[in-house]
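What follows is calculated from the coordinates using simple rules that are stated; it is not laboratory data. These numbers were taken from a predicted model, which means no experiment stands behind them. No Cβ is skipped: glycine too gets one built from the backbone with ideal geometry, and neighbour counts run over all protein chains shown.
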Amino acid sequence: MALPKRSAPFQVWGIENREAALRLIPTAADGAAAHLELKVVDLAANPYLLLAAVQAVALAGLEQARPLPPPVSGDPARLPAGVAVRLPASLAQASAAFAASALLRQALGEELHGSLLDSQAAEVRRCAGLSEAELAAADAWWPLVGGLA
């Protein structure tokens, strides 16, 4: 089974770039000056914790301003190696990055941060060795009629 192309798997931003993890849309029909689109979230994310993390990162950026790298045009996968950092491709990789984030540890507090790490580790163990079809079947809310073919 071929994996679907993942949207925005690189740590880059771009103007009107659908392949960038953070997409800036400079003008809008509603008269707003700009819109930002965060494209690295999936339906497994807890919306409340996600919003808390985004707010913590935004606040840290306001308190300790750093210049943005240049915006990326086109597909970041076509850039030379090392120019565009690949975002985690698995829960285990994402959990390791989350564990290493002092900013998120401080923003969420030790208890919640630790609880989330424990939950992620349990999910990684539960899914270890399962194929994509087995994962889909294990996570289905209802029996799949006719299989996954």
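Once all Cα-Cα distances of the stretch 1-112 are split into 5 Å bins that start at 0, what whole-number percent is in each one?
Going from the shortest bin to the longest, the percentages are 2, 9, 15, 22, 22, 17, 8, 4, 1, 0.
Rule-of-thumb check for the stretch 72-112: C-alpha Rg over 2.2 N^0.38 Å?
For the stretch 72-112, the normalised Cα radius of gyration comes out at 1.58.
Under 5 Å between amide hydrogens, which residues at least 5 positions from V72 or on another chain qualify, with H placed 1.01 Å from N in the peptide plane?
Result for V72 returns W13, G14, I15.
Among residues other than C127 whose Cβ falls under 10 Å from its Cβ, what is the net charge (Lys/Arg +1, Asp/Glu -1)?
Here the count lands on -1.
With everything on Cα atoms, drop me the angle between helix 110-127 and the longest principal axis of the chain, reported from 0 to 90° to the nearest 10.
So the helix axis and the longest Cα principal axis differ by about 50 degrees.
Determine ³J(HN,Hα), in whole Hz, for all residues of the stretch 100-108 in sequence, where each value follows from phi through the Karplus function 6.51 cos²θ - 1.76 cosθ + 1.60 and θ = phi - 60°; x replaces Gly and Pro.
Result, rounded to whole Hz: 7, 8, 5, 4, 6, 4, 5, 5, 8.
Tabulate in residue order the Karplus-calculated ³J(HN,Hα) for the stretch 82-98, using 6.51 cos²θ - 1.76 cosθ + 1.60 with θ = phi - 60°, rounded to whole Hz; enter x for Gly and Pro.
x, 6, 10, 6, 6, 6, x, 9, 9, 5, 4, 5, 5, 5, 5, 5, 4
Evaluate the relative contact order of the chain (contact order divided by residue number), counting alpha-carbon pairs under 8 angstrom at least 6 apart; express in whole percent.
The normalised contact order for the chain reaches 20 percent.
To the nearest 0.05, how large is the calculated FRET efficiency for L43 and I15 if R₀ is 35 Å and r is the Cβ-Cβ distance?
Here the calculated transfer efficiency is 0.85.
What FRET efficiency comes out for the pair D30/S115, r = Cβ-Cβ distance, R0 = 41 Å, nearest 0.05?
Once the sixth-power term is evaluated, E becomes 0.55.
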